[in-house]
């Protein structure tokens with residue numbers, strides 16, 4: 001059985017030595033290179049073919065995140081596992097978005113590292129259940145913030161339909177006919193919609209529609 005070839009990148013030599021001993025003690029894992037910063041990683045990848053890069057985020061010369069982005073921009077084929085002391089979800093999200101396949105905290109090395117390496121070597125993502133939940137919560141929070149900052153999301157389906165027709169120049173009677181409702185109902189929806197969006201003029205609606213791409217949306 002071929003071994004998973006690994007490059008270690010961390011600016012603490014003692015930690016690298018310890019990790020190398022742990023990894024090489026596994027029958028299917030082999031550390032074939034070490035680097036103390038991002039620039040050394042790139043230089044090593046120019047002459048070394050490895051399966052997995054285990055990289056810290058905080059390193060001199062070039063940080064782990066910068067290095068990950070550079071690796072991806074160069075099209076270098078290697079699976080990346082972030083090993084860091086940072087617990088902040090922002091680091092987790094940015095690392096995964098930049099191209100890392102896995103994220104492990106240093107305080108969980110003895111329980112997660114081997115599984116993480118074997119998982120990402122297969123091209124699969126690895127996050128501990130806690131980190132997966134944290135990432136999901138972070139993404140949901142971002143979505144909620146976007147929705148809260150966008151008044152369009154507070155409009156009802158009917159109000160959105162009327163807004164689209166209004167910004168395309170349809171009259172109240174034309175909209176009523178198209179939607180099979182009364183003109184009075186259209187006017188009521190229009191009033192509520194204007195109040196929700198904080199507008200008083202139709203020109204403001206048209207401007208809003210242009211800024212948010214509503215004029216190109218299908219009716």
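The values are calculated or read from the model by the stated rules, or taken from the named source; none is laboratory data. Computed from a prediction, not measured in an experiment: that's the story for all the values here. Neighbour counts are summed over all protein chains in view; Cβ atoms, including those assigned to glycine, are modelled from backbone coordinates with ideal geometry.
Annotations
- Selection within segment 89-104: residues that are modelled with pLDDT of 85 or more and touching a strand residue (DSSP E or B) at 6+ places or on another chain (Cβ under 7 Å). The member of this set that is nearest to residue 69 (Cα to Cα) is 99.
- Complete set of residues in segment 126-181 that are in a loop (DSSP other than H, G, I, E, B), loosely packed, with under 12 Cβ neighbours inside 10 Å and at pLDDT below 80: 150
- Taken over segment 105-125, residues that are over 14 Å from residue 22 (Cβ atoms), in a helix (DSSP H, G or I) and in contact with a strand residue (DSSP E or B) (Cβ under 7 Å, 6 or more places away or on another chain) amount to 3.
- One residue from 8, 42, 81, 23 being closer than 28 Å to residue 111 by Cβ, part of a helix (DSSP H, G or I) and either at pLDDT 95 or above or in contact with a helix residue (DSSP H, G or I) (Cβ under 8 Å, 6 or more places away or on another chain) (or both): 23
- Here residue 54 passes the criteria (1) touching a residue at least 60 places away in the same chain (Cβ under 8 Å); (2) assigned to a helix (DSSP H, G or I) except the one numbered (2).
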